[in-house]
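**Q** The structure that follows is given in the form of structure tokens.
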Amino acid sequence: MSARLIHTGQVIVDVVMTVPAVPEPGGDVIATSLDETAGGGLNVIVAAIRDELPVVFTGRFGSGHYGSIVGDALAASGATIVQPEPAVHDSGFCIALVDANTERTFVTYPGAESELTISDLDAAQVNSADLVYVTGYGLAHPSNAEALTAWLPTLPEDTTVFFDPSPLIGLLDPRLVETILSRSDVVSVNLREGISMTGERDAESAARALAARVRPTAHAVVRDGADGCWVAGGGQVPELVPGFEVDAVDSNGAGDAHAGVLLAGLSRGLDVYAAARRANAAAALAVTERGPATAPLRARTDELVDAGGTSTHRRESSVHRQ
């Protein structure tokens with residue numbers, strides 16, 4: 001039975017503005033570019049499909065201006081869509097500010113994607129070969145959180161569950177987070193999220209602390225930008241999987257590229273360390289292009305991995321946060 005990625009997250013519209021710097025409270029700044037494009041969970045979908053992992057999307061989207069952008073993007077992505085028709089109201093959107101250092105800052109307004117039901121999830125008909133992607137954005141919406149926490153315990157024991165807590169982690173109910181962690185096989189965070197979840201001050205310590213909160217066979221991945229990522233769990237000491245040195249122009253979507261390609265690697269039987277190395281390469285390539293859904297094709301990722309270049313020192317031109 002072929003593996004599929006069952007995507008339970010949200011696809012919304014990214015209203016992306018490039019700014020010299022994020023203004024201080026009460027301040028103002030002139031954006032140098034503006035783009036409206038489907039983003040959020042779409043970035044993981046695109047990354048997985050470009051790395052040749054089929055995707056089933058269980059989420060919802062709307063029928064207004066933003067919903068039309070989302071619906072068109074999902075159709076173009078090649079993902080299988082479970083929702084039979086758009087909701088009567090619009091999808092949500094996210095204002096993303098990308099500054100001169102390629103750092104991004106988000107403000108999100110929810111829409112139809114926040115009304116997930118257990119029936120939507122059941123429609124995917126998950127099997128043991130599948131990989132299920134759960135994001136912290138889903139836990140921020142009561143309907144989605146209720147559906148996910150009721151549905152996850154019904155999955156086959158061998159189904160891989162991947163949890164991406166998201167930048168919202170500090171606002172989520174800790175009990176919901178622990179419920180998802182208890183069923184997760186991989187939890188993947190960036191350094192800022194790892195520090196928020198554990199109170200640790202560095203990626204290695206955060207990975208070790210997160211690994212202690214998942215089941216013994218599970219792994220924690222803490223992404224540390226251009227340096228790569230730390231992997232802990234499975235009875236092993238934390239290990240740094242080195243990154244790849246590139247000239248970053250836009251970090252928006254780097255973490256999503258990392259997640260999608262990591263999942264694709266796991267679906268093909270790679271261990272989490274080998275899958276993380278490919279994910280590091282894909283994220284590095286993604287930040288060399290502008291836009292949120294810039295994950296590379298599988299062959300391009302493999303080419304960079306095979307070339308063997310790594311980054312052991314962070315240079316200003318190559319910094320990106322996943």
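**Q** Full extension from THR217 to ASP202: what is 0.36 nm times the residue separation minus their Cα-Cα distance, to one decimal in nm?
**A** On the way: separation 15, 0.36 × 15 = 5.40 nm, distance 2.30 nm.
Stretched out fully, the THR217 to ASP202 stretch lengthens by 3.1 nm.
**Q** For MET1, MET197, write out the residues from largest to smallest accessible area, computed with a 1.4 angstrom probe and no ligands counted. Mind showing how you got there, number by number?
**A** Values: MET1 175, MET197 25 Å².
Descending order: MET1, MET197.
**Q** Just order 76-86, 265-275 by mean Cβ neighbour count inside 10 Å, highest at the front, would you?
**A** Working: 76-86: 15.3, 265-275: 18.2.
Going from most to least packed, we get 265-275, 76-86.
**Q** Here's another thing I want to ask about it. Can you give the accessible area per residue of the stretch 228-271, in Å², using a 1.4 Å probe? Mind dumping the intermediate values first?
**A** Working: 1370 Å² over 44 residues.
It amounts to 31 Å² per residue over the stretch 228-271.
**Q** How would you rank 145-158, 38-51, 241-254, highest first, on the average number of other Cβ atoms within 10 Å across their residues? Mind dumping the intermediate values first?
**A** On the way: 145-158: 15.4, 38-51: 27.8, 241-254: 21.5.
In decreasing order of mean packing, 145-158, 38-51, 241-254 become 38-51, 241-254, 145-158.
**Q** In the calculated pair distance distribution of the chain, what percentage of Cα-Cα distances lie above 32 Å? It would help to have the intermediate numbers written out before the result.
**A** Values: 10584 of 51681 pairs.
When every Cα pair of the chain is considered, 20 percent fall beyond 32 Å.
**Q** How far apart, in nm, are the 7 Å Cα→Cβ label points at VAL107 and ASP28?
**A** Result for the modelled spin labels: 1.4 nm.
**Q** Right, another one. So what's the gap between the Cα centers of the stretch 240-298 and the stretch 7-76, to the nearest angstrom?
**A** The stretch 240-298 and the stretch 7-76 have Cα centres separated by 18 Å.
**Q** Could you give the accessible area per residue of the stretch 1-83, probe 1.4 Å, as a whole number in Å²? Don't skip to the end; give the middle numbers.
**A** On the way: 3480 Å² over 83 residues.
Ligands and nucleic acids excluded, the figure is 42 Å² per residue.
**Q** Still on this structure: 7 Å from Cα along Cα→Cβ at both ALA21 and ARG175: what's the point-to-point distance in nm?
**A** Rounded to a tenth, the inter-label distance reads 4.4 nm.
**Q** Please compute the length gained on full extension between GLU52 and ASP247, using 0.36 nm multiplied by the number of residues separating them and subtracting their Cα-Cα distance.
**A** Details: separation 195, 0.36 × 195 = 70.20 nm, distance 2.60 nm.
Length gained, GLU52 through ASP247: 67.6 nm.
**Q** With the contact rule set at Cα under 8 Å and sequence spacing of 6 or more, what percent relative contact order holds for the stretch 168-322?
**A** 22
**Q** Still on this structure: From Cα pairs below 8 angstrom and at least 6 apart in sequence, can you work out the relative contact order of the stretch 62-109, rounded to a whole percent? Don't skip to the end; give the middle numbers.
**A** On the way: 50 pairs, mean separation 18.4, N = 48.
Result for the stretch 62-109 is 38 percent.
**Q** Tally up the carbon and sulfur contribution to the accessible surface of the chain as a whole percent, 1.4 Å probe, everything protein left in place. Each step should come with its number before you reach the end.
**A** Values: 7110 of 13410 Å².
For the chain, the apolar C and S fraction of the accessible surface comes to 53 percent.
**Q** How far apart, in nm, are the 7 Å Cα→Cβ label points at GLN236 and HIS89?
**A** 4.7
**Q** Please give the contour-minus-distance gain from ALA75 to ALA307: 0.36 nm per residue of separation, less the Cα-Cα distance, rounded to one decimal in nm. Before the final figure, lay out the partial values.
**A** Values: separation 232, 0.36 × 232 = 83.52 nm, distance 3.42 nm.
Value of the extension gain: 80.1 nm.
The values are calculated or read from the model by the stated rules, or taken from the named source; none is laboratory data. Only a predicted model underlies this, so the values are computations on that prediction, with no experimental measurement involved. Please note: Cβ atoms are built from the backbone with ideal geometry, for glycine as well, and neighbour counts cover all protein chains shown. Ligands, DNA and RNA are stripped out before the accessible areas are found, and what is left, the full protein with its side chains, is counted by its heavy atoms. Shrake-Rupley method; radii C 1.70, N 1.55, O 1.52, S 1.80 Å.
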